[in-house]
Amino acid sequence: MVAAEAHNRFIIPLTYCVGLLTAIYPLAPELAWWRPALLPLLVIYWVLVMPEQISILMIWCFGCLLDILLGASLGQHSLGLMVIAYLCLLSYQRVRNYRLWHQSFFVFIFIGLYQLIGNWVHSLNGSAARSLVFLLPALSSALLWPLLWVLLERLRIGQRVS
Amino acid sequence: MSFAVVALVLILLSVFTDLLAPVRARLGNVSAPLYWLVDLPRTVLEWGQEGIRSRSSLVEENASMRAQLLIHERKLQQMAVLAAENVRLRELLNSTAMVTDRVLVAELIGVSPDPLVHRVIINKGASDGVYVGQPLLDAAGLMGQVVEVSRYSSQVLLITDSTHALPVQVNRNGVRTVVEGIGDFHRLNIRHLSNTVDIRVGDLLVSSGLGQLFPVGYPVAEVIEVERDPGEPFARVTARPQAQLNRSRHVLLVFSGEIPVEDSAGGN
């Protein structure tokens, strides 16, 4: 199979950078648990729409960068992103044909897993969440997903990213 | 899949060993500019508000600051006498002189976005002589200790983080104990304090300096709740931090008179 020619692919790391910035954007402490996990959402999106062109190494590096920014254990977010990317690669043929609300449900599970892994690493450090509150970002991410999908589709098709 | 394994190995390395600490310190340099970038909208807004304030509000602020200065100066007058008296009494007791601490003013440039981790990032780093384990204060009390130093910024673990504990004593009677963070900005816990210990609501807890990390005598917290249940082995004591942990922007780094204790990264 001949690989499709790359076009405007620099947009992908650019969106990841935006994801990083939203991860550290200052929020009021009351809202902190509702911050959507934008970087994993972007990873899900790009893996779903371009499963064969995506660079796993790049995702891994952005995960590490997020760890450094957040002062987390090195590798925590990389591991979460790897699991998400792997699950998306296994299931993209089904998931990307679902309706948006149906996709949101899958996104909730993916981000929930990501948060679960993060919480596990926190528990190794002795600072795990005491309740299921760590799943709130999964909820807000799932609610954000339809909007994000529409915006990113417009960006991808408009810029003919391939 | 192999990337996931690498990530897992990295996690285990960074949780259970200190091997990755130098790598982190090096890579930490990238975080300061990014935090600066996301903080930019607020800085611009604040700058705009500062720039277009009315004359009357400035005059008012100036007057209130003068009044405050006067009050503080009056206190300082007494302070000189008290300090001299303190020195004389200490000489009588043959104890060592108090070391005055040198401080460096720093500004907060970021707060850890992860609600489980109470860390802040300040705009002073190794180039200003900041070291791991250095205490951080604000105007009202002790805030935390430096845990990671990069060239121009450093990360500070706050006393309310659930992995932090520090030795304190009750100011009223000198009872020594340890306060622990529980991951709540407004509460600290004291564990393992027996039911019969003399501690009351309203007691001020000051740092005792026993961990050799924090200097002696800085206010840490005020006791707000004491619950003595005869069925429990220990009293349940809750305190509220004196420092404004989620509000202070201008903070003080304290350089103790002595040489910093090496290898104190894990010491609380």
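The values are calculated or read from the model by the stated rules, or taken from the named source; none is laboratory data. All values reported here derive from a predicted model rather than from experimental measurement. As a convention, Cβ positions derive from the backbone with ideal geometry for all residues, glycine included, and neighbour counts pool all protein chains shown.
Looking at B:Leu34, is it closer than 30 Å to A:Ser123 by Cα, part of a helix (DSSP H, G or I) and out of contact with any Ser or Thr (no Cβ under 9 Å at 6 or more places or on another chain)?
yes
If you scan the stretch A:6-24, which residues turn out to be closer than 12 Å to A:Pro40 by Cβ and of a type in the set (A, V, I, L, M)?
Those that are closer than 12 Å to A:Pro40 by Cβ and of a type in the set (A, V, I, L, M): A:Leu20, A:Ala23.
Might you check whether a residue that is part of a loop (DSSP other than H, G, I, E, B), free of Cβ contacts under 8 Å to residues at least 60 places away in the same chain and at the interface with chain B (Cβ under 8 Å from one of its Cβ atoms) occurs anywhere in the stretch A:28-44? Before you say what the answer is, go through the steps one by one.
Residues of the stretch A:28-44 that are part of a loop (DSSP other than H, G, I, E, B), as a first pass: A:28-31, A:35-37.
Among the residues that remain, those that are also free of Cβ contacts under 8 Å to residues at least 60 places away in the same chain are: A:28-31.
Narrowing further to those that are at the interface with chain B (Cβ under 8 Å from one of its Cβ atoms): A:29.
Yes, the stretch A:28-44 contains at least one residue that is part of a loop (DSSP other than H, G, I, E, B), free of Cβ contacts under 8 Å to residues at least 60 places away in the same chain and at the interface with chain B (Cβ under 8 Å from one of its Cβ atoms).
Is it true that A:Leu113 is within 12 Å of chain B (Cβ to nearest Cβ) and either among the aliphatic types (A, V, I, L, M) or surrounded by fewer than 18 Cβ atoms within 10 Å (Cβ to Cβ) (or both)?
So A:Leu113 does not fit the description; no.
Yes or no: A:Leu74 part of a loop (DSSP other than H, G, I, E, B) and either touching a helix residue (DSSP H, G or I) at 6+ places or on another chain (Cβ under 9 Å) or within 27 Å of B:Pro115 (Cβ to Cβ) (or both)?
yes
Can you confirm whether the stretch B:40-53 contains a residue that is exposed (fewer than 10 other Cβ atoms within 10 Å of the Cβ), free of Cβ contacts under 8 Å to residues at least 40 places away in the same chain, away from every other protein chain (no Cβ under 12 Å) and in a loop (DSSP other than H, G, I, E, B)?
So far as the stretch B:40-53 goes, yes, one or more of its residues are exposed (fewer than 10 other Cβ atoms within 10 Å of the Cβ), free of Cβ contacts under 8 Å to residues at least 40 places away in the same chain, away from every other protein chain (no Cβ under 12 Å) and in a loop (DSSP other than H, G, I, E, B).
Yes/no per residue for (1) among the hydrophobic types (A, V, I, L, M, F, W, C); (2) over 16 Å from B:Ala25 (Cβ atoms); (3) buried (at least 21 other Cβ atoms within 10 Å of the Cβ):
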site: B:Ser112; (1), (2), (3): no, yes, yes
site: B:Leu116; (1), (2), (3): yes, yes, yes
site: B:Val120; (1), (2), (3): yes, yes, yes
site: B:Val130; (1), (2), (3): yes, no, yes
site: B:Leu137; (1), (2), (3): yes, yes, yes
site: B:Gly141; (1), (2), (3): no, yes, yes
site: B:Arg151; (1), (2), (3): no, no, no
site: B:Ile159; (1), (2), (3): yes, yes, yes
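Hey, among the residues in the stretch A:85-110 that are among the hydroxyl-bearing types (Ser, Thr, Tyr) and more than 13 Å from every other protein chain (Cβ to nearest Cβ), which one's surrounded by the fewest Cβ atoms within 10 Å (Cβ to Cβ)? Working first, answer last.
Quick first cut of the stretch A:85-110, residues among the hydroxyl-bearing types (Ser, Thr, Tyr) only: A:86, A:91-92, A:98, A:104.
Cutting the leftovers down to more than 13 Å from every other protein chain (Cβ to nearest Cβ) gives us A:91-92, A:98, A:104.
Details: A:Ser91: 14, A:Tyr92: 17, A:Tyr98: 12, A:Ser104: 17.
The residue in question is A:Tyr98.
Do you know which of the residues in the stretch B:1-11 that are within 8 Å of chain A (Cβ to nearest Cβ), of a type in the set (A, V, I, L, M) and part of a helix (DSSP H, G or I) is surrounded by the most Cβ atoms within 10 Å (Cβ to Cβ)?
So the first thing to find is which residues in the stretch B:1-11 are within 8 Å of chain A (Cβ to nearest Cβ), and the list is B:1, B:3-4, B:6-11.
When the remaining residues are screened for being of a type in the set (A, V, I, L, M), the result is B:1, B:4, B:6-11.
Next cut, part of a helix (DSSP H, G or I) only: B:4, B:6-11.
Details: B:Ala4: 19, B:Val6: 16, B:Ala7: 25, B:Leu8: 17, B:Val9: 12, B:Leu10: 20, B:Ile11: 22.
Among those that are within 8 Å of chain A (Cβ to nearest Cβ), of a type in the set (A, V, I, L, M) and part of a helix (DSSP H, G or I), it is B:Ala7.
Looking at A:Met58, A:Met82, which is the one that is more than 9 Å from every other protein chain (Cβ to nearest Cβ) and not in a loop (DSSP other than H, G, I, E, B)?
Unique residue meeting the criteria: A:Met58.
Quick one: would you say A:Leu48 is in a helix (DSSP H, G or I), over 30 Å from B:Asp184 (Cα atoms) and either modelled with pLDDT under 95 or more than 13 Å from chain B (Cβ to nearest Cβ) (or both)?
yes
Do the conditions hold for B:Gly28, that is, is it closer than 24 Å to A:Ser78 by Cα and among the small types (Gly, Ala, Ser)?
Judged against the criteria, B:Gly28 is a match.
Of these, A:Arg160, A:Arg130, A:Arg154, which one is basic (Lys, Arg), assigned to a helix (DSSP H, G or I) and either out of contact with any Gly (no Cβ under 6 Å at 6 or more places or on another chain) or farther than 25 Å from A:Trp33 by Cβ (or both)?
Working: A:Arg160 fails: assigned to a helix (DSSP H, G or I); A:Arg130 fails: assigned to a helix (DSSP H, G or I).
That would be A:Arg154, the only listed residue that is basic (Lys, Arg), assigned to a helix (DSSP H, G or I) and either out of contact with any Gly (no Cβ under 6 Å at 6 or more places or on another chain) or farther than 25 Å from A:Trp33 by Cβ (or both).
Take B:Glu61 and tell me if it is of a type in the set (Asp, Glu) and modelled with pLDDT of 85 or more. Reasoning before the result, please.
Working: of a type in the set (Asp, Glu): yes; modelled with pLDDT of 85 or more: yes.
Taking the combined requirement at face value, the residue satisfies it.
What do you reckon, is A:Ile68 closer than 14 Å to A:Gly19 by Cα, in contact with a Leu (Cβ under 8 Å, 6 or more places away or on another chain), without any contact (Cβ under 8 Å) to a residue 60 or more places away in the chain and within 12 Å of another protein chain (Cβ to nearest Cβ)?
So A:Ile68 does not fit the description; no.
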